[in-house]
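The values are calculated or read from the model by the stated rules, or taken from the named source; none is laboratory data. Predicted model, so just to flag it, every value in this text is computed and none were measured. No Cβ is skipped: glycine too gets one built from the backbone with ideal geometry, and neighbour counts run over all protein chains shown. Remember, those area values only see protein heavy atoms, side chains included, never the ligands or the DNA or RNA. Shrake-Rupley method; radii C 1.70, N 1.55, O 1.52, S 1.80 Å.
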Amino acid sequence: MSKDDTAGPGSGGPATAGSPVPPAAVKAIPVRHYGRWISAAIVLGLLVLVGLAFANAEIHWPTVPDYLTYGTILTGAWNTLKITVLAMLLGVVLGTLLAVMRLSKNPVMSSVAWGYIWFFRGTPVLVQLLLWYNLALVFPILDLGFYRDEMNDVMTPFLAALLGLGLNEAAYMAEISRAGIQSVDEGQTEAAHALGMTGPRTMRRIVLPQAMRVIIPPTGNEFINMLKTSSLAFAIQFPELLKAASTIYSRNLAVMELLLVATLWYLALTTVFSIGQYYLERYFQRGSTRTLPPTPLQKIRKNLGSFRTPSRVGGTTV
């Protein structure tokens, strides 16, 4: 046998006696995901059809930007933001208190908290708003001993909206806070008590800070939901964003245009607070995950490159 006969396949020349035969080069072919391209084309086609439908609809589009910064609309947007923040503050504070009461070993405290949650979660928000707004039908005079006034003067649309939205939110926040508190290992509480910390201080310094990781995400969702639910205050004449839009279109009859204006404002507000919620969640996840979740820009870069799955061969990405 000659030396040429010992050459391996794909080798550049004859192999020496006893040396290993080098493997043939592997040509890697990237996996093609045709289904992703097809589904993307279908979705884009549907979006184009929807856009064309609205473009050809009987909507006077120049009216929309004209009213985006209109004084009444800006006032309505400010009232929406104000009632949302105040109602959420009331809901978070009262909800946390109700959660602690619900977990209390005192049967009276636990039962009262359960009854509150049962009532306010079991009735629609709109019904609660109307009940507060029409409270003067049941109690014409508010008499607290040190303060006396007619209920119609006390129960303004703003106060009715604040109580209706805030007290209802407290019932949901109570369950969210309770879930967060129960997610903390009981050994944390036992260790705090062993160090001589009181129950309230343990809750404030040990349990609640650790429970925030579980509480923050649903609380952010509740805030965004509250931003939209505040439109129900339209029914009790509170001048929020939807009420402001309806006041204008009742005069100029540009109904769809003003509803689009309100829609754009709601989208802008929810987008801003959704971004804030994301970074707040990311902040509280620092001590619980090795790798923080990607930022929106990182997600966009990842999604743009998701149509082609790269292969890695011999340390080289193809």
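Among the listed residues Tyr249, Tyr278, which satisfies the condition of being assigned to a helix (DSSP H, G or I), at pLDDT below 90 and farther than 24 Å from Ala99 by Cβ? Give the derivation first.
Numbers: Tyr249 fails: at pLDDT below 90.
That would be Tyr278, the only listed residue that is assigned to a helix (DSSP H, G or I), at pLDDT below 90 and farther than 24 Å from Ala99 by Cβ.
Residues to consider are Leu297, Leu242, Leu264; find the one that is crowded, with 16+ Cβ neighbours inside 10 Å, part of a helix (DSSP H, G or I) and of a type outside the set (Asp, Glu).
Unique residue meeting the criteria: Leu242.
Among the residues of region 127-157 satisfying the criterion of being under 26 Å from the mean Cα position of the chain (by Cα) and surrounded by 15 or more Cβ atoms within 10 Å (Cβ to Cβ), which is farthest from Tyr172 (Cα to Cα)?
Checking each candidate, the answer is Leu129.
Go through region 193-243 and count every residue that is aliphatic (A, V, I, L, M) and farther than 30 Å from Lys105 by Cα.
9
Considering (1) over 25 Å from Lys228 (Cβ atoms); (2) in a helix (DSSP H, G or I); (3) among the β-branched types (Val, Ile, Thr), say which one Ile176 fails and leave the rest.
All conditions pass for Ile176, except number (1).
Could you please give the count of residues in region 181-203 that are open to solvent by 50 Å² or more (accessible area, probe 1.4 Å) and not in a helix (DSSP H, G or I)?
5
Which residues, counting only those in region 52-69, are more than 11 Å from Leu258 (Cα to Cα) and either of a type in the set (Ser, Thr, Tyr) or in a helix (DSSP H, G or I) (or both)?
Leu52, Ala53, Phe54, Ala55, Thr69
Tally time: how many residues in region 105-126 are outside any loop (DSSP other than H, G, I, E, B) and either surrounded by 10 or more Cβ atoms within 10 Å (Cβ to Cβ) or touching an Asp or Glu at 6+ places or on another chain (Cβ under 6 Å) (or both)?
Selection size over region 105-126: 15.
How many residues are within 16 Å of Ala254 (Cβ to Cβ), hydrophobic (A, V, I, L, M, F, W, C) and open to solvent by less than 80 Å² (accessible area, probe 1.4 Å) when one looks only at region 41-74?
Summing the residues that are within 16 Å of Ala254 (Cβ to Cβ), hydrophobic (A, V, I, L, M, F, W, C) and open to solvent by less than 80 Å² (accessible area, probe 1.4 Å) in region 41-74 gives 5.
Tell me, please, whether a residue that is surrounded by 17 or more Cβ atoms within 10 Å (Cβ to Cβ), touching a Ser or Thr at 6+ places or on another chain (Cβ under 9 Å) and under 16 Å from Pro239 (Cβ atoms) can be found in region 86-96.
Among the residues of region 86-96, at least one is surrounded by 17 or more Cβ atoms within 10 Å (Cβ to Cβ), touching a Ser or Thr at 6+ places or on another chain (Cβ under 9 Å) and under 16 Å from Pro239 (Cβ atoms), which makes the answer yes.
How many residues are without any contact (Cβ under 8 Å) to a residue 60 or more places away in the chain and open to solvent by less than 30 Å² (accessible area, probe 1.4 Å) when one looks only at region 204-239?
Final tally of qualifying residues: 4.
Confirm whether Ala99 is surrounded by 12 or more Cβ atoms within 10 Å (Cβ to Cβ) and closer than 28 Å to Pro218 by Cβ.
yes
Please indicate, with yes or no, whether at least one residue in region 32-40 is open to solvent by 100 Å² or more (accessible area, probe 1.4 Å) and either modelled with pLDDT under 70 or basic (Lys, Arg) (or both).
Yes, because at least one residue in region 32-40 is open to solvent by 100 Å² or more (accessible area, probe 1.4 Å) and either modelled with pLDDT under 70 or basic (Lys, Arg) (or both).
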